[in-house]
1. Would you tally the residues in segment 46-68 being of a type in the set (D, E, K, R) and closer than 15 Å to residue 20 by Cβ?
2. Can you find even one residue in segment 36-46 that is basic (Lys, Arg) and at pLDDT 95 or above?
3. Out of segment 15-45, which residues are under 16 Å from residue 82 (Cβ atoms) and polar (S, T, N, Q)?
4. Could you list, in sequence order, the residues of segment 49-85 that are β-branched (Val, Ile, Thr), under 13 Å from residue 29 (Cα atoms) and more than 11 Å from the chain's Cα centre (by Cα)?
Amino acid sequence: MSLLVAAEKAPLVTDADGVVRVGGTRVTLDTVVGAFRDGVSAEGIVEQYPSLLLGDVYSVIGYILNHTDEVNAYLQRRQIAEGEV
């Protein structure tokens, strides 16, 4: 039996307000990015936000690392929209 290797889509969904959420939860990409950049492990993020699945958090971290420019641009747009800049 061979291992079927397939690319998986990151578990990210954009809601009607343009906010990206993780794995069908209310947890935002902003939240996961902030925690990850603060040094929180994937396991620690799941402890803080138990509605998240560990595999989803690892997938999102991979997405963050592989799409840094896009994620940073999204976060900057969110900060502007929230009036934080």
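The values are calculated or read from the model by the stated rules, or taken from the named source; none is laboratory data. Please read these numbers as outputs of a predicted model, since none were measured by experiment. Here the Cβ positions follow ideal geometry from the backbone for every residue, glycine too, while neighbour counts run over all protein chains shown.
1. Here is the first cut: in segment 46-68, the ones of a type in the set (D, E, K, R) are 47, 56.
From the residues that got through so far, the ones that are closer than 15 Å to residue 20 by Cβ too are 56.
Here the count works out to 1.
2. In the first step, residues of segment 36-46 are kept if they are basic (Lys, Arg); the result is 37.
Narrowing further to those that are at pLDDT 95 or above: 37.
Yes, that holds for at least one residue.
3. Of segment 15-45, the ones under 16 Å from residue 82 (Cβ atoms) are 15, 17-21, 28-31, 33-34.
28, 31 - these are the residues of segment 15-45 that are under 16 Å from residue 82 (Cβ atoms) and polar (S, T, N, Q).
4. Quick first cut of segment 49-85, residues β-branched (Val, Ile, Thr) only: 57, 60-61, 64, 68, 71, 80, 85.
Still in the running and under 13 Å from residue 29 (Cα atoms): 57, 60-61, 64, 68, 71.
Residue satisfying the conditions is 68 alone.
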